1. When the range 81-111 is examined, which residues are found to be touching a strand residue (DSSP E or B) at 6+ places or on another chain (Cβ under 7 Å) and of a type in the set (A, V, I, L, M, F, W, C)?
2. State which residue is farthest from residue 304 (Cα to Cα) when the search covers only the range 113-132 and only residues that are open to solvent by less than 50 Å² (accessible area, probe 1.4 Å) and in contact with a Gly (Cβ under 9 Å, 6 or more places away or on another chain).
3. Give 235, 182 a once-over and let me know the one that is polar (S, T, N, Q), out of contact with any Phe, Trp or Tyr (no Cβ under 8 Å at 6 or more places or on another chain), within 23 Å of residue 144 (Cα to Cα) and in contact (Cβ under 8 Å) with a residue 24 or more places away in the chain.
4. Just to be sure I understand the filter: pairs with C-beta atoms under 8 Å, separated by 6 or more residues or on different chains, first member in the range 1-19 and under 14 Å from residue 68 (Cβ atoms) and touching a residue at least 24 places away in the same chain (Cβ under 8 Å), second member open to solvent by 100 Å² or more (accessible area, probe 1.4 Å) and not in a helix (DSSP H, G or I). Which pairs pass?
5. For the range 153-173, give me each residue that is touching a Pro at 6+ places or on another chain (Cβ under 8 Å), assigned to a loop (DSSP other than H, G, I, E, B) and of a type in the set (A, V, I, L, M).
6. Assuming residue 26 fulfils every condition listed in (1) touching a Ser or Thr at 6+ places or on another chain (Cβ under 8 Å); (2) more than 30 Å from residue 194 (Cβ to Cβ); (3) loosely packed, with under 14 Cβ neighbours inside 10 Å apart from one, which condition is it?
7. Would it be correct to say that residue 305 is surrounded by 17 or more Cβ atoms within 10 Å (Cβ to Cβ) and part of a helix (DSSP H, G or I)?
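The values are calculated or read from the model by the stated rules, or taken from the named source; none is laboratory data. Just so it is clear, the structure is predicted and the values come from calculations on it, not from any experiment. Positions of Cβ are generated from backbone atoms using ideal geometry, with glycine treated the same way; all protein chains shown enter the neighbour counts. We work out accessible area using only protein heavy atoms, side chains counted, and drop any ligands, DNA or RNA first. Shrake-Rupley method; radii C 1.70, N 1.55, O 1.52, S 1.80 Å.
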Amino acid sequence: MPVDLGTLGLAEGGYLLIKRALRQAGADREVSVTGTAAELDVDLRAWCRAEGHRFDWRPGPDGARGHAVVLNGGAEAGRWAGAQRAGEPGASRPDTVAEHPPRYWGLAARGAVVEAGTPEFDFHLVDKIEVWSDDAARIYAQAVAAQWDPETAIPWDAAFDLDDDVETAVVQIMTFLIENETAALIIPSRFIAQLHPHFREVMQVLAVQAADEARHIDVFTRRARLKRDELGLSTIGGQASLKTLVDEPEFAIASFLLSVLGEGTFLSLLWFIEQYAPDPVTASVVRLAAQDEARHVAFGLAHLSQHLGTDASLRPRLADAIRRRHEALRQTAGLNAEVFDALLLMAAGSWRHADLREGYRRVLQLTRDMDDGRRKRLMRLGFTEPEAEELSGLHTRNFM
């Protein structure tokens with residue numbers, strides 16, 4: 001098989017033409033190389049030695065420039081002996097995503113050929129059933145398309161002037177939201193580092209969730225400081241409740257407690273704040289955050305539904321997780337009084353008796369809406385109506 005390099009030097013890309021010819025010829029087959037570049041024979045001899053090929057220079061007749069003969073030593077083919085393809089790139093069929101991708105696939109893209117001897121990575125989440133959802137790719141694409149820019153999506157310059165007490169209530173609510181959204185950022189971020197990259201769609205969904213929460217923290221903080229320099233209060237009970245989420249080691253249970261119950265409950269809260277927001281900035285930040293949180297809940301439900309479809313024994317473990325968390329938080333105060341009072345005053349809009357009575361009624365309706373939403377999501381996961389009623393009643397009073 002002849003290769004004519006012309007004036008092209010070996011280091012200028014000529015070696016690629018020779019490699020291609022050797023690959024096409026196969027092991028133990030010869031390739032003839034000609035060219036006029038200076039020192040071609042010297043450079044090619046050194047390259048063959050490094051690549052494991054046999055080199056022979058044959059002079060031309062009557063003093064004419066000779067040519068090289070390279071015998072394929074088979075080093076390249078030998079290097080990839082025992083290599084394994086890491087599944088298939090897409091995820092359109094159930095069998096394209098491995099049930100138990102080996103740790104030595106490492107960071108290889110799904111569908112890539114992995115060289116034998118690759119070091120193992122210490123990924124903990126390596127079983128498809130634990131993390132996978134067939135809806136992950138769709139949810140990720142939807143999340144990317146729905147990203148919003150805080151600078152342009154929120155009317156920061158809108159003119160409004162609230163009563164001092166109402167503004168204080170909004171600041172306290174924003175402080176509460178920031179604290180909870182910080183937990184919701186930490187949890188998916190922690191699991192991303194444990195997830196086998198073979199499940200890239202799930203990794204991407206979790207990454208977008210973390211980015212969403214980072215943006216929520218930003219806009220809630222900016223709203224809290226729009227009229228004030230200081231934020232509100234953080235309580236022991238609230239932080240203790242969130243710590244049980246942050247400390248949960250199992251992905252499925254953490255997803256259940258955070259996304260299905262916590263963020264699901266938070267959706268009702270965000271919609272409530274939007275409905276009774278006293279200013280356009282507050283309404284905008286919670287409305288946009290709720291759009292993101294709805295996707296987080298959708299992924300949690302999709303993933304857990306698929307997991308339960310294969311392993312029904314997960315369901316009682318989910319129930320036990322709610323009960324354990326309830327017991328762990330039994331002695332805490334739950335939702336701090338300042339947040340409850342702030343929600344009531346915001347919903348009332350004034351200190352008039354009739355408005356306060358209406359604000360109180362609205363907050364009680366919010367708690368009923370939260371409970372109703374939790375029950376429905378629990379029943380979507382296969383819990384009976386009595387089970388859903390019991391478990392929803394045990395959910396933390398801190399909402400998340």
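1. If the condition is that a residue be touching a strand residue (DSSP E or B) at 6+ places or on another chain (Cβ under 7 Å) and of a type in the set (A, V, I, L, M, F, W, C), then 83, 86, 105, 108 are the ones that fit.
2. It comes out as 118.
3. 182
4. From residues that are under 14 Å from residue 68 (Cβ atoms) and touching a residue at least 24 places away in the same chain (Cβ under 8 Å), the pairs are 1/29.
5. Once the filter is applied, which keeps residues that are touching a Pro at 6+ places or on another chain (Cβ under 8 Å), assigned to a loop (DSSP other than H, G, I, E, B) and of a type in the set (A, V, I, L, M), the range 153-173 yields 158, 162.
6. (1)
7. When the stated conditions are applied, residue 305 does not pass them.
Every residue, every condition in (1) in a helix (DSSP H, G or I); (2) among the hydrophobic types (A, V, I, L, M, F, W, C), yes or no:
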residue: 240; (1), (2): yes, yes
residue: 244; (1), (2): yes, no
residue: 255; (1), (2): yes, no
residue: 261; (1), (2): yes, yes
residue: 271; (1), (2): yes, yes
residue: 278; (1), (2): no, no
